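Quick notes on the structure that follows.
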Amino acid sequence: MKPYVVCLMHASLDGRTHPSRWRPKGAGTDWFEKIHDELGGDAWVIGRVTGSEFAKGKPYPETSSATFPRQNWFARRDAKNNVKTYGVVLDAHGKIGWGRSDIGGDPIVVVLTEGVPDSHLAGLRGEGVSYIFAGKSEIDLALTVEILNRELGVKRLLVEGGGVANGAFLRAGLIDEFNLILSPAIDGARGAPFVFDSVEADSDKRAPLTAMTLESTRDLGGGVLLLRYLIQNEAARQ
């Protein structure tokens with residue numbers, strides 16, 4: 001079963017997502033966590049680049065004497081305070097050495113492909129980091145959300161960046177709702193990430209959106225707005 005998928009992002013007026021580059025500085029940058037909590041997801045998901053920012057460890061050894069089946073493995077299924085909140089990270093080729101098993105108390109669940117070496121699996125197990133497999137060489141996002149629902153009971157998933165991960169979910173037709181915290185600031189320079197983006201190979205692919213409906217507009221104060229859109233995708237892509 002597919003969870004209800006909500007994308008939450010915070011952006012400047014030109015759609016950029018690194019507040020340190022915005023001018024004027026400090027324009028409503030304290031709202032993301034508040035809205036994240038309000039949305040009440042069972043899990044949140046980020047891409048590898050964003051996930052790397054939370055890592056505290058070094059890459060795991062390249063070799064291991066142990067071998068492991070390519071099966072989902074969970075260090076724990078109970079998230080903090082008996083509330084099922086998981087931090088899900090897309091790391092197709094096993095690049096992140098975590099040095100931790102949770103982010104802000106939320107147990108980490110890594111999404112891998114079957115080509116990840118046994119040494120990386122040994123490293124994850126040794127640190128108590130859960131993992132699932134969702135493809136042989138590339139991550140199948142539809143399979144990912146189905147596994148999260150089946151194995152961990154995730155019924156509401158928050159997609160929270162970066163832009164490449166958001167764009168992949170969008171093009172897969174999996175996003176049901178988009179919440180955008182819009183700050184009265186401008187980046188205005190090259191090189192900053194966007195709310196939705198793609199890798200070069202996907203640059204010509206378009207999302208199967210058929211409609212976006214503005215459900216609500218909320219004034220957060222100081223010129224900051226929260227825009228909530230409901231998204232309709234082609235039925236075949238659901």
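The values are calculated or read from the model by the stated rules, or taken from the named source; none is laboratory data. Fair warning: this is a prediction, and the values are worked out from it, not measured in the lab. No Cβ is skipped: glycine too gets one built from the backbone with ideal geometry, and neighbour counts run over all protein chains shown.
The table that follows gives values for the structure above.
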item	result
Filtered residues of region 99-132 (kept if surrounded by fewer than 21 Cβ atoms within 10 Å (Cβ to Cβ) and either under 20 Å from Gly162 (Cβ atoms) or of a type in the set (Lys, Arg) (or both))	Arg100, Ile103, Gly104, Asp106, Thr113, Arg125
Subset of region 192-224 (residues that are of a type in the set (Gly, Ala, Ser) and touching a His at 6+ places or on another chain (Cβ under 9 Å))	Ala192
Index of the failed condition, Asp140 passing every other in (1) touching a residue at least 24 places away in the same chain (Cβ under 8 Å); (2) under 15 Å from the mean Cα position of the chain (by Cα); (3) within 27 Å of Gln71 (Cβ to Cβ)	(1)
Test result for Leu143, out of contact with any helix residue (DSSP H, G or I) (no Cβ under 6 Å at 6 or more places or on another chain) and in the same structural domain as Glu234 (by TED's automatic domain parsing)	no
Arg150 closer than 23 Å to Ile46 by Cβ, touching a Ser or Thr at 6+ places or on another chain (Cβ under 6 Å), among the basic types (Lys, Arg) and in contact (Cβ under 8 Å) with a residue 12 or more places away in the chain	no
Pick from region 150-186, criterion charged (D, E, K, R) and outside any loop (DSSP other than H, G, I, E, B), ranking: nearest to Asp204 (Cα to Cα)	Arg171
Residue match in region 122-130 (condition: over 29 Å from Lys34 (Cβ atoms), touching a His at 6+ places or on another chain (Cβ under 9 Å) and either of a type in the set (Phe, Trp, Tyr) or not assigned by TED's automatic domain parsing to the domain that holds Glu215 (or both))	no
Residue among Ala201, Ala211 that alone is under 23 Å from Glu138 (Cβ atoms) and not charged (D, E, K, R)	Ala201
In region 195-226, the residues that are assigned to a strand (DSSP E or B) and surrounded by 15 or more Cβ atoms within 10 Å (Cβ to Cβ)	Leu209, Leu220, Val224, Leu225, Leu226
